[in-house]
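Here is the structure we will look at, set down as structure tokens.
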Amino acid sequence: MIKEEMIRRVMERIDLTEEISDEEIRMKIRQVILEETRDVYLSLNKKEQICNEVFYSLRRLDILQDMLEDDEITEIMINGYDKIFIEKNGRLFRTKEKFSSKAKFEQVIQQIVARTNRIVNESSPIVDARLEDGSRVHVLLEPIALDGSTMTIRKFSKEITSMSQLLKLHSLNEELIEFLSIMVKARMNIFISGGTGAGKTTMLNALSNCIPKDERIITIEDSAELKLSGIENLVRLEARNANLEGENQIRIKDLIRASLRMRPDRIIVGEVRGEECIDMIQACNTGHDGSLSTGHGNSNRDMLFRLETMVLMGMDLPVSAIRGQIASAFDLMIHISRMRDRTRKIVEISEITGIENGEILLRVLYEFVETGERHGKIEGRFVRKNRLLSVKKIKERGLGGEYEALLSRYKDQEGYSVVSDGC
């Protein structure tokens, strides 16, 4: 109860009609702690802990603040005000922390949502938002959530994601880094698929940072998460939910259409989930080569079926016509998977080579092949299965020599690459 009492005492000393700085708040908190503990011994560390807890409750996100500042925590899941779980090093744990009351938890929810100009209430109980550092927030209020309002925070690294970081995490190997870098520079249209938490956005960030810095890039997202560095001519667009009257909604598809009038060199769509898919495909088919996007799928082949379904959600077209549009829109499909040892890896890179007998042709270029398991960690190799057929596109952009050098540099006696052993 020390914390709640301190908050009450501090609030009594704050003039809510005036603007007060964070440092003034901390000063008042320290004064109250000094007065309240005059006859009680508390170590300096304990006093500082209480000061931080009270400050976080008044000016930050209460008990969540320490978790948000812990770089080892990748996800925070709150199931009601008194049940908080975290993901750390790929494993889930229940913490001892809990909000002081349901009202305090709901106050924090409103604080987060308000910062991104979103609204969440009983009539609109589901919302996606983001924190200042780009972390993704999903909120679901009761009574839709039967055991109390829930909030899930997907944290993102404070550092700009690079291919070298993914290499350290064994998500890919040196050959794949060079291959994907060439493909991005050659303006291949790339689609990334994977399950929830597989690392699609992280991979999209890494690929985006291979784009030449002199291009004009437009990013389109539900909640802004992408972090592109060194690109001056960058326009970031974010969708907007409808207001209380159900008006003024700005959808992903609206932003894609608007972006076509903004003279983009490339369009990056954070994730396609529905009818906006047709607009993304049309953008790729109207001269905006080098575009990138992601979607939820169980494999590259499954993702193609899902793209068909998403197009049908917004437009009634023959399946053959849809497949023709998809086949001409995307050049490469990358599938990322969260493995059973909780590591995230590229498991397949495939090239779309056209249509035959009404089916989209997928040609596997690289594949992750498991070779065993040691100390609970999966061991395996990234194997080159085939060489790219669309070499003409690479050569047209002056990168044919780089690609041929790549094939030669990593070629072994069997004619394919077995570069990375172990994870």
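Okay, here's what the table says:
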quantity	calculated
Residue match in segment 299-306 (condition: within 20 Å of Leu332 (Cβ to Cβ), among the polar types (S, T, N, Q), part of a strand (DSSP E or B) and in contact (Cβ under 8 Å) with a residue 60 or more places away in the chain)	no
Failed item in (1) under 30 Å from Glu132 (Cβ atoms); (2) part of a loop (DSSP other than H, G, I, E, B); (3) in contact with a strand residue (DSSP E or B) (Cβ under 7 Å, 6 or more places away or on another chain), with His288 passing the rest	(1)
Residue, surrounded by the most Cβ atoms within 10 Å (Cβ to Cβ), within segment 253-291, restricted to residues that are touching a residue at least 40 places away in the same chain (Cβ under 8 Å), within 14 Å of Arg236 (Cα to Cα) and of a type in the set (A, V, I, L, M)	Val269
Hits in segment 67-106 (condition: at negative phi, within 21 Å of the chain's Cα centre (by Cα) and surrounded by fewer than 16 Cβ atoms within 10 Å (Cβ to Cβ))	Glu69, Asp70, Asp71, Glu72, Phe85, Lys88, Arg91, Leu92
Test result for Ile177, without any contact (Cβ under 8 Å) to a residue 40 or more places away in the chain and in contact with a Pro (Cβ under 8 Å, 6 or more places away or on another chain)	no
Val32 of a type in the set (Val, Ile, Thr), at pLDDT 70 or above and surrounded by fewer than 17 Cβ atoms within 10 Å (Cβ to Cβ)	no
Members of segment 307-318 that are β-branched (Val, Ile, Thr) and free of Cβ contacts under 8 Å to residues at least 12 places away in the same chain	Thr309
Elements of type strands (runs of 3 or more DSSP E) in segment 325-407, at least 3 residues being at pLDDT 90 or above, of a type in the set (Asp, Glu) and assigned by TED's automatic domain parsing to the domain that holds Gly199	344-356, 359-374
Candidate set from segment 191-221 (those that are touching a strand residue (DSSP E or B) at 6+ places or on another chain (Cβ under 8 Å) and part of a loop (DSSP other than H, G, I, E, B)); member that is nearest to Ser157 (Cα to Cα)	Gly199
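The values are calculated or read from the model by the stated rules, or taken from the named source; none is laboratory data. This one's a predicted model, so the numbers in the text were calculated from it and none came from an experiment. Cβ sites come from the backbone with ideal geometry, for glycine too, and all protein chains shown count toward neighbours.
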